[in-house]
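Remarks on the structure that follows.
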Amino acid sequence: MQRNGDRLKLEFLLPLCVFAIALLFMVVSLKNYVFIKKSIPGDAFFPVVMSVFVMIFSGISFVKALGKPIKKDIHLEEFYPLLAVVAICAARLVIGFFPAILVVLILWFKLIERFSWKRTLAISVPFTAVMYLIFVVWIDIQFRSGLLGRLLGF
Amino acid sequence: MKKVFALVLVAAIIIASVMANGAQEAASSGAEFKPSKSISWYCSSKPGSAADRFTRKVQGVIDETGALDKATIVVENVTDGSGAVNWKRMQSLSQSDADHTLLTLNLGDVTTMLDNTQFRVKDFKVVATMAQDKKFLYVSKSAPFNDFDGFVEYLKNNDVILGGGKADDNVMFNFLKQKVDKNDHLSYLQTGDTAGTLQAVLGNQVYLGIGKLGTLKDYLASGELKAIVTEGTSRMSGVLSEVPTFAEKGYEGMDFIQTRCVVAAKNISDSAYKYYCDAFKKVATSQEFLDAYVNVYQASALDLVGADAQAYLEAAEKNVIDAGISGKQ
Amino acid sequence: MSALQSLLTGFSIALSFKGILYCAIGAMMGLFIGSLPGMGAVTGIALLLPLTFKFEPAVGIIMLCSLYYANMYGGAYSAIILNIPGDSSAIMTTLDGYPMACRGQAGKAIMSANLASFIGGTIGMVILTFTGTWLARIGLKFGPAEMTSLLLLAMTSLGWAMGQDPYKGIAAAMFGLLLTAVGVGMGGSARLNFGSYSLLSGIPFVPLVIGMFGLSQVILMMPKRHERSKAATEVIHLRDSRLSKEEIKGIVPTSVRCGLIGTITGVLPGAGGTIANFFGYMLEKRVNRKGDRFGTGIVEGIAASESANNGCVGGALAPTLALGIPGSGATALLLGGLTMWGLTPGPMLYVKQHDLVWSVIASLYVANIICICVGTLLIPIMAKVSRVRSTILIPLITVICFLGAYSSERSMYGVVIMLAGACLGYIFNKFDWPSAPFLLAFVLGSTLEDKFRQAIVLGHGSPMIFIQKPISLLFIILLLICLIVPAVMGRRKKKVS
């Protein structure tokens, strides 16, 4: 998605989204909660006041940003870490957390970085084992086993 | 290739159904329950909080007395949604998980549940109600009144700000507002917790607060603070033995006492439920529990289990609903 | 018995073989957990508190307190090496620590952090030792009105972090404040949770920071992961981390000043390490002769941040031990833990449990020494991490972020928030919106609303309370000065030019 010399003129997008979120918060707050009751600020007071400020300053940023391109490039590979997290979240439902982490790390090093099997396993396996030792054995965080684990009785 | 795939699929389905049936049979066979894996015990408050202390103290007593046949108990502090996530999770446990999962549910949590979710006490099976932490109103030395009658008299013509913490303290404020504050002079400073209220009182921001004995006993003993009225129908002991209750002063209905309960999922098997009820009865009546929790935190012991505990908690919930006294402020 | 005599009594217990052993165990556990991205003091104590219950009371308490102290120490390491603060109280450390690490000066940065933490922590402990009870009572004078004015004053200091376009910076800060409204309102009912049970407890800060600082940083590293700087190829020895005389001359007075600021901030109700860290950095930026270079990677910047958050430990413990009122989120957990062990913090603690209390205070001094020694020895190892190739580091940091976010909330909710934070941090970067004002405003937001509302209640609905209270009035005047003076000076400069 890198676009050299032809940048997307979308700089207005973020201030617009922030403006919209603030507007939503303000409308929901005014509709559902009390603004001021007997001179005491209610639940709507703080979100409404903050929303007004957000709308003012994001509105100014929006106007200034119209017609301007985003200054920084967007690269497809930047999304790989997010995809890795999503993959772990999905895989853990079936094979559990740490097997999912191990599988994702192996896939990363093999498919994205194109390391050799030796190097891939030399990094992934000990790292996953150390994380397991720290988080499960030592700190005692409970990580639910996946479908496979439950079927196998873990 | 297709045949092989089909065979594997059929085998998997058969294995899965056999395992599922096996589990069901074990559950419905009426055989005596014994924990077959570690027991997950959820606490909706952060480590070190009052609910967490209760949970861990009881866990300690269970480990000491072997009440759950030396099963490993894993306490998990899952605070998402102020407990709502735990309540939701308890509704969708498998049979096996339901037999191995407990939850600490306080009466204050029930108020939050009523205010913010669809869940009710009937959506759980109450295993035991084990202890109560009574609250009381207290004043600082600089207060213009030093007993409850003086407070009521003062409130008729003067503004008073009451300091309180969370949901169960809000209930006391709502009660006072409805029953005592005839001229709309009482307002509420919600500080978030007992320590925050204490700070507001000691710092002379307010001179009236809601507190619990566990946190304030040294202040009461030294005379820096004075309790003027307690909730419930009977007086507390020790340093609060001279302090009247709301009921004695003619204000019935302030019985919203923070009750520490242990509940299980609604779909827990009968044998597992009986097992836990028997075990927690032993724990609640043990000297170890009195020494580890009741005496240390100046609580009151309560040892209702099973149907009695369920009825108690549901009645308390009904009181809150009927009286219109919620944790909302 | 004088404070010094009592402290010596405490040392006689803390310096026993068991005392030193468990203090060391607690300190190293705290250092390690504190250095994990996002797993700072509050999360670290929450995770490790149950582990201390396995030990007997006296050593359990010593272990718990040294663990708490060392958490503050350890937060700097991931801030410097990975640009992911170990805790919210190390956010400001990233601003100078990470640039130094990028220049191959990771060892020096960590050494600066260690030294500043040691000095700041010592100042906090000395003040706690000799004036703890008195200081706690002074802290009570800071009511909601005073705290609101102080927090508003702090918000004006965000101006430096606004970047080139102040409108974006202000919008980001206000957006951060707005998001703190999600959760439960002041009356206890759900607010802006849009029907989600998870959002009832609000947007948790730790996974948000892990996402915005950690995972988004990793995302931005992806296109450049094959580049390798010269600094990254050099071997780092302990001797390379030595600070020059000039650097030490810069660090020591900065650490003393910010240690004092941190200690005083710690005493304030609900302030904590994050606000101490922020105040120390902001104030030092104004008074230090190198203030205009803060944020570019100088040792004074690291020293300001780290000495303040370590000084805060002593300050926060003062009201916790003397009054039973926790000075911060971490001390609230600590208070619960101390109560589990049978300690009853409050006015009678120093009388009824004299030896135990003073052994706790003495153990903090011991923990301080252990932390600086261990931290110094770990420098070559930690500096090596900064030299690991990005191609290897990126997926590993991603996994650490995932586990840290999950562990902080003990559920996938933490991971979801982390992902949202990462997306937000990435988007902010692409659109040139600064993240620091957003996060700092987010940290201050819920406290600001709480205190503001409480102040209005105390003022019986009138905002005049902010002027009627003398301390609050002082902060309001300072606030106006901070707003008006730069504007007037700016206009004068324009006129002259």
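The values are calculated or read from the model by the stated rules, or taken from the named source; none is laboratory data. Computed from a predicted model, the values in this text were never measured in an experiment. Every residue, glycine as well, gets a Cβ built from its backbone with ideal geometry; the counts of neighbours run over all protein chains shown.
Taking (1) surrounded by fewer than 24 Cβ atoms within 10 Å (Cβ to Cβ); (2) under 17 Å from the mean Cα position of the chain (by Cα) in turn, residue C:287 satisfies each apart from (2). If you check B:149, B:52 for being under 16 Å from the mean Cα position of the chain (by Cα), within 30 Å of residue B:205 (Cβ to Cβ) and acidic (Asp, Glu), only one passes: B:52.
Before we move on, is residue B:299 under 16 Å from the mean Cα position of the chain (by Cα) and within 26 Å of residue B:49 (Cβ to Cβ)? Yes, satisfied. Tell me yes or no: at least one residue of the range C:117-125 is more than 30 Å from residue C:225 (Cα to Cα), in contact with a Leu (Cβ under 7 Å, 6 or more places away or on another chain) and modelled with pLDDT of 90 or more. Yes, the range C:117-125 contains a residue that is more than 30 Å from residue C:225 (Cα to Cα), in contact with a Leu (Cβ under 7 Å, 6 or more places away or on another chain) and modelled with pLDDT of 90 or more. For the range C:377-402, filtered to residues that are in contact with a helix residue (DSSP H, G or I) (Cβ under 7 Å, 6 or more places away or on another chain) and of a type in the set (Val, Ile, Thr), the residue that is farthest from the other protein chains (Cβ to nearest Cβ) is C:379.
Residue by residue, here is whether (1) more than 8 Å from every other protein chain (Cβ to nearest Cβ); (2) of a type in the set (Gly, Ala, Ser); (3) buried (at least 20 other Cβ atoms within 10 Å of the Cβ) holds:
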residue: A:36; (1), (2), (3): yes, no, no
residue: A:71; (1), (2), (3): no, no, no
residue: A:79; (1), (2), (3): no, no, no
residue: A:84; (1), (2), (3): no, yes, yes
residue: A:93; (1), (2), (3): yes, no, no
residue: A:111; (1), (2), (3): yes, no, no
residue: A:127; (1), (2), (3): no, no, no
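Per this entry, residue B:169 is counted among residues that are crowded, with 23+ Cβ neighbours inside 10 Å and either within 11 Å of chain C (Cβ to nearest Cβ) or not polar (S, T, N, Q) (or both). Here the helices (runs of 4 or more DSSP H) wholly within the range C:78-171 that include at least 1 residues being buried (at least 20 other Cβ atoms within 10 Å of the Cβ) and touching a Cys at 6+ places or on another chain (Cβ under 8 Å) are C:106-139, C:144-156. Taking the conditions exactly as written (more than 9 Å from chain C (Cβ to nearest Cβ) and part of a helix (DSSP H, G or I)), does residue B:127 satisfy them or not? Criteria not met by residue B:127.
Checking each residue in the range B:65-116 for being buried (at least 18 other Cβ atoms within 10 Å of the Cβ) and β-branched (Val, Ile, Thr) picks out B:73, B:75, B:78, B:79, B:85, B:101, B:104, B:110, B:111, B:112. Here are some residues: C:156, C:131, C:122. Which one is more than 21 Å from the chain's Cα centre (by Cα), among the β-branched types (Val, Ile, Thr) and more than 14 Å from chain B (Cβ to nearest Cβ)? Unique residue meeting the criteria: C:131. The set of residues in the range C:185-214 that are at the interface with chain A (Cβ under 9 Å from one of its Cβ atoms) and either assigned to a loop (DSSP other than H, G, I, E, B) or at pLDDT below 90 (or both) comprises C:185, C:186, C:187, C:189, C:192, C:194. Checking the structure you have, find out if any residue of the range C:367-374 is in contact (Cβ under 8 Å) with a residue 40 or more places away in the chain and within 10 Å of chain B (Cβ to nearest Cβ). Checked against the condition, which is being in contact (Cβ under 8 Å) with a residue 40 or more places away in the chain and within 10 Å of chain B (Cβ to nearest Cβ), the range C:367-374 yields no hits at all. The set of residues in the range B:151-174 that are assigned to a helix (DSSP H, G or I) and of a type outside the set (Asp, Glu) comprises B:151, B:152, B:154, B:155, B:156, B:157, B:167, B:170, B:171, B:172, B:173, B:174. Mind listing whichever residues of the range B:175-219 are in contact with a Phe, Trp or Tyr (Cβ under 7 Å, 6 or more places away or on another chain) and within 12 Å of chain C (Cβ to nearest Cβ)? Those that are in contact with a Phe, Trp or Tyr (Cβ under 7 Å, 6 or more places away or on another chain) and within 12 Å of chain C (Cβ to nearest Cβ): B:188, B:201, B:211, B:214, B:216.
Per-residue answers, yes or no, for (1) aromatic (Phe, Trp, Tyr); (2) more than 13 Å from chain C (Cβ to nearest Cβ); (3) closer than 20 Å to residue B:41 by Cα; (4) touching a Lys or Arg at 6+ places or on another chain (Cβ under 7 Å):
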site: B:87; (1), (2), (3), (4): yes, no, yes, no
site: B:97; (1), (2), (3), (4): no, yes, yes, no
site: B:123; (1), (2), (3), (4): no, yes, yes, yes
site: B:152; (1), (2), (3), (4): no, yes, no, no
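Checked against the criterion of being under 30 Å from residue A:105 (Cβ atoms), at the interface with chain C (Cβ under 8 Å from one of its Cβ atoms), of a type in the set (A, V, I, L, M, F, W, C) and assigned to a helix (DSSP H, G or I), the range A:46-64 contains not a single residue that satisfies it. Exactly one residue among C:466, C:438 is crowded, with 23+ Cβ neighbours inside 10 Å, within 29 Å of the chain's Cα centre (by Cα) and in contact (Cβ under 8 Å) with a residue 40 or more places away in the chain, and that residue is C:438.
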